[in-house]
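The values are calculated or read from the model by the stated rules, or taken from the named source; none is laboratory data. This is a predicted model, so every value here is computed, not measured. When we count neighbours, we look across all protein chains shown, and the Cβ atoms used for this are built from the backbone with ideal geometry, even at glycine.
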């Protein structure tokens, strides 16, 4: 790593950091998008936005952010909220562990730091779900502290600007880019510098077909000078997603209520609600009624097959066969889960695959 850092510092010998800062910051201040989390520098608002923006596009986040901040406008409001209400507000954004970690961290801020988001990297970095990038974003944007905030966007931009060919999929490579930002960041306006790099990656220096002719820092870009900007960054491919088949059954009782259950408190989609699901590698449609009797203590009759649901997570693909069933005996109480009215379904947070199921059975919102 020391050798790699030496190579990095050599790149700066013929690189004007001052001019780069001026070109980037001036462009950002003139061209930055009007986004709700940029209305002020409230560290809580910055924090929420950065957590939501992880692995999610800006246009997708905006309506969720506005609703979330209306519902939980302060540290105290989020700290005191019921987790199910928080998950419901997060419903549709995905990566629900982000919401749980955010609330846990906010509760710690409320109790340990008297509701004030810490203004130093050590204390911020100890909070649940706050990694180096989020730490740098909060410190630089909210507090004006020159701290690197390196994510995939920033690594892509700087790999081209500085011609860095290390594999960005390797964790150790991030250290190289953090060292680069430490060297380059504006001490006078670290907020605009870091946001400028992020904005540049989002609008101009995109993964494919970067708009180099519109780039405000084109004259500083080593990759552009060599005509190889689209070949960077170097990123090795991750593991191939595996496919998991399921049967999901919508069970309706004599009152027209539907059976739902809560997922475990740990693991994928923790604490969210769903319709009962069976592993389709272990249970066939023909075996479903028997399996259901064993698992839920209910006798059901499968009525029809609905449209299948396919949902792609970061590491796994769900392929769900959706069935509709009714209970055979009146007044049965399930061994697990609960029957709820169609109107009350809207009060429970469901993951996207089950929201797609809900759409098929015309449940009122």
Kindly indicate whether residue 137 is in contact with a helix residue (DSSP H, G or I) (Cβ under 7 Å, 6 or more places away or on another chain), surrounded by 16 or more Cβ atoms within 10 Å (Cβ to Cβ) and closer than 23 Å to residue 58 by Cβ.
yes
In a helix (DSSP H, G or I), closer than 19 Å to residue 189 by Cβ, modelled with pLDDT under 95 and more than 17 Å from the chain's Cα centre (by Cα): does that describe residue 23?
no
Right, residue 226: surrounded by fewer than 16 Cβ atoms within 10 Å (Cβ to Cβ), more than 30 Å from residue 341 (Cβ to Cβ) and modelled with pLDDT of 95 or more or not?
no
Hits in region 253-287 - residues which are closer than 17 Å to residue 350 by Cβ and in a strand (DSSP E or B):
258, 259, 260, 261, 262, 273, 274, 277
Cβ-Cβ below 9 Å, separation at least six or inter-chain, first residue in region 285-299 and assigned by TED's automatic domain parsing to the domain that holds residue 247 and touching a residue at least 40 places away in the same chain (Cβ under 8 Å), second assigned to a helix (DSSP H, G or I) and crowded, with 16+ Cβ neighbours inside 10 Å: which pairs?
298/292
Any residue in region 307-317 that is part of a helix (DSSP H, G or I), within 30 Å of residue 55 (Cβ to Cβ) and modelled with pLDDT of 90 or more?
no
Does residue 358 satisfy being crowded, with 16+ Cβ neighbours inside 10 Å, modelled with pLDDT under 95, within 19 Å of residue 88 (Cα to Cα) and under 31 Å from the mean Cα position of the chain (by Cα)?
yes
